[in-house]
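One structure is given here, and the rest of the page talks about it.
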Amino acid sequence: TTHGEGVPIEVGRYCSLNFHAYAFLGGMHDPSLVSTFQFHRVMGLPGDPEPVLTNGPIVIGNDVWISFEAVVMSGVTIGDGAIVAARAVVTRDVEPYEIVGGVPARNIGWRFDEPTRAALLRIRWWDWPVETVLERLHEIQSPDIAAFVKRYDPGVS
């Protein structure tokens, strides 16, 4: 679900976005004013409506899982392979393969160690043709990450 006016959202391939997750693309209120209420927009007053405030687009990488009732604020980039825990409020960028949770969201772990994360980012299996992904699905869904990396990492000679 998206809320607010503003900028676009970009979502990569093979993402799992819970139906009840939220993306706030704009709709921010200016806290430096006497009142944060948007009189022109809400009451339909004549004159220019208050400007749409946003921190920029939301970019969600590939193979990202955004869980139940998570909130992603404008201007945030979520890296490939990241996980956003249930009811987290993401106000800052999330690194590839990082697991974040809480309010505001913070690092609660990593899916893999740093060398494995780097290898998976080199492999970029989500860019493979769909036919190749389907042919290799048994490997993509395997818990044997080391074998997958060994077989497909272009950085390994």
Worksheet entry | Single unsatisfied condition, Pro49 versus (1) out of contact with any Leu (no Cβ under 7 Å at 6 or more places or on another chain); (2) within 29 Å of Val156 (Cα to Cα) | (2)
Worksheet entry | Of residues in region 1-13 being open to solvent by 70 Å² or more (accessible area, probe 1.4 Å) and under 12 Å from the mean Cα position of the chain (by Cα), the one modelled with the highest pLDDT | Arg13
Worksheet item: Looking at region 102-157, which of the residues that are open to solvent by 90 Å² or more (accessible area, probe 1.4 Å) and among the aliphatic types (A, V, I, L, M) is nearest to Tyr14 (Cα to Cα)?
Response: Leu134
Worksheet item: Looking at (1) under 22 Å from Ala105 (Cα atoms); (2) in contact with a His (Cβ under 9 Å, 6 or more places away or on another chain); (3) modelled with pLDDT of 85 or more; (4) not small (Gly, Ala, Ser), which is the one condition that is false for Gln38?
Response: (1)
Worksheet item: Within region 68-101, how many residues turn out to be open to solvent by 20 Å² or more (accessible area, probe 1.4 Å) and of a type in the set (Ser, Thr, Tyr)?
Response: 2
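The values are calculated or read from the model by the stated rules, or taken from the named source; none is laboratory data. The shown structure was predicted, so the numbers you read here are calculated from the model rather than taken from an experiment. All Cβ positions, glycine included, derive from the backbone under ideal geometry; neighbour counts span all protein chains shown. Just so you know, the surface numbers come from the protein's heavy atoms only, side chains and all, with ligands and any DNA or RNA stripped out. Shrake-Rupley method; radii C 1.70, N 1.55, O 1.52, S 1.80 Å.
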